[in-house]
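Asks: Below: one structure in structure tokens.
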Amino acid sequence: MEQPHTRAQRKKRRKLRPFRTLFALLFVGFIAGGLYSVWQYNQGKELAAGNKPDSGTFRGDPADARQPYIENYLLLGVDDDGSGKSRSDTMLLASWNRESGKVKLVSFMRDIYADIPGYKSYKLNTAYYLGGVQLAKDTISGMFGVPIHHYAVTDFDNFEKLIDIAAPNGVTIDVEKEMSEKIGVTLLPGVHDLNGKELLGYARFRADREGDFGRVDRQQKVIAALKDEIVSPKTLTRLPKLAGAATGYVETDIGGMDGLQKVMRAILSGGVEIERMTVPEEGTYSFASYPHAGSVLEIDVPANREALGKFLDLPLTETGASAFAN
């Protein structure tokens, strides 16, 4: 006769069997998901090999001991003028608070008349032309008292390709007017799903009364739309391929799997709200022209430096000035 404790053990094993099966399935799924991510990453990396720009060396600022959770990224979109050298047509600073998950985005107008270290004053976008990403970083840090820890640079052809990987069905944008002049595409008013070329054209359009100010506003609008696209569940599975492609299409001081992990942390930490600012602020600039620089924006540097410090919550000294200075 079967012993009672033997029957009890068999019943217990039967009860545990579904949990063991579930655990095994989860384990296999985890391994398969990891292998798929690596495969996607490598596929993207091979796709984009050898296409990123060369922006020279970069020395980022050290993290502030009072705000070690803040990471500031200089994001540059560059355009070759045909000579083999590029100007930074788009200049953004993305400030990520790892504790709160919040992201703040600052756009710098390219026509700001800037004090470029080692050179006479030119438009701000000329700093990259003269000395690559380091000179662009030093110029912005020096003028506005903001630390810059990391950077990312891409050209416009690569931007188009990255968009088509991240959003193969397009990025939803409400186009406010007809746009076609000097952007290579024709966009009609209304809500449209724009591919990489169309989205770039939308972000670069400035043939209206708003000029560069309207273009900067559209660039921020594009960033917000891309954020919405990337945090959507349908896009998360494409992130490894996007990160792999970025290693070839984007020049940066963070990359590879480490870069992918940073992106995932930013997305999953809840950092979906983007606060935005444009430099110069309204009422703090005037138009001027110089023979060597053309039409420029002369700005009230102290006023914009103070406004930027408040927007980014930079630590202040006892005098009320930004504690960061070159």
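Taken together, the values in this text are just the output of simple stated rules run on the coordinates, not laboratory data. Nothing here was measured: the structure is a model prediction, and the numbers come from that model. As a convention, Cβ positions derive from the backbone with ideal geometry for all residues, glycine included, and neighbour counts pool all protein chains shown.
Asks: Quick one: what are the phi-derived ³J(HN,Hα) couplings along the stretch 223-233, Karplus 6.51/-1.76/1.60 with θ = phi - 60°, whole Hz, x for glycine and proline?
Replies: 4, 4, 5, 5, 4, 4, 5, 5, 7, 6, x
Asks: If you plug each phi of the stretch 211-221 into the Karplus form 6.51 cos²θ - 1.76 cosθ + 1.60 with θ = phi - 60°, what whole-Hz ³J(HN,Hα) values come out, in order, with x for Gly and Pro?
Replies: The phi angles translate into x, 5, 5, x, 5, 4, 4, 5, 4, 5, 4 Hz.
Asks: Can you tell me the FRET efficiency between SER232 and HIS292 if r is taken as the Cβ-Cβ distance and R0 is 35 Å, rounded to the nearest 0.05?
Replies: 0.15
Asks: Using all C-alpha to C-alpha distances in the stretch 70-311, build P(r) with 10 Å bins and read off the rounded percent in each one.
Replies: Bin by bin from 0 Å, the calculated values are 7, 31, 38, 21, 3, 0.
Asks: I need the peptides 303-312, 274-283, 183-192 ranked by packing, meaning the mean over residues of other C-beta atoms within 10 angstrom, with the highest value on top.
Replies: Output ranking for 303-312, 274-283, 183-192: 303-312, 274-283, 183-192.
Asks: Using label points projected 7 Å from each Cα along Cα→Cβ, tell me how many nm separate ASP64 and SER180, to one decimal.
Replies: Output for this residue pair reads 4.9 nm.
Asks: A follow-up question, please. Report the full-extension gain for the segment ASP115 to ARG98: residue separation times 0.36 nm, less the Cα-Cα distance, to one decimal in nm.
Replies: Extra length available between ASP115 and ARG98 comes to 2.9 nm.
Asks: Of the cross-linked pairs LYS102/LYS177; LYS161/LYS182; LYS85/LYS137, which ones have a Cα-Cα span greater than 23 Å in the structure shown?
Replies: Cα-Cα > 23 Å for LYS102/LYS177; rest within.
Asks: Relative contact order, percent, of the stretch 112-257 when contacts are C-alpha pairs under 8 Å separated by at least 6 residues? Spell out each step's value before the answer.
Replies: Numbers: 178 pairs, mean separation 31.0, N = 146.
The value is 21 percent.
Asks: Another question, if that's okay. Peptides 103-109, 67-73: what's the order by average Cβ count within 10 Å, highest mean first?
Replies: Descending packing order for the listed peptides: 103-109, 67-73.
Asks: Got a sec to turn the phi values of the stretch 116-127 into Karplus ³J(HN,Hα) couplings, 6.51 cos²θ - 1.76 cosθ + 1.60 with θ = phi - 60°, whole Hz, x for Gly and Pro?
Replies: Once rounded to whole Hz, the list reads 9, x, x, 9, 6, 5, 9, 5, 4, 5, 6, 4.
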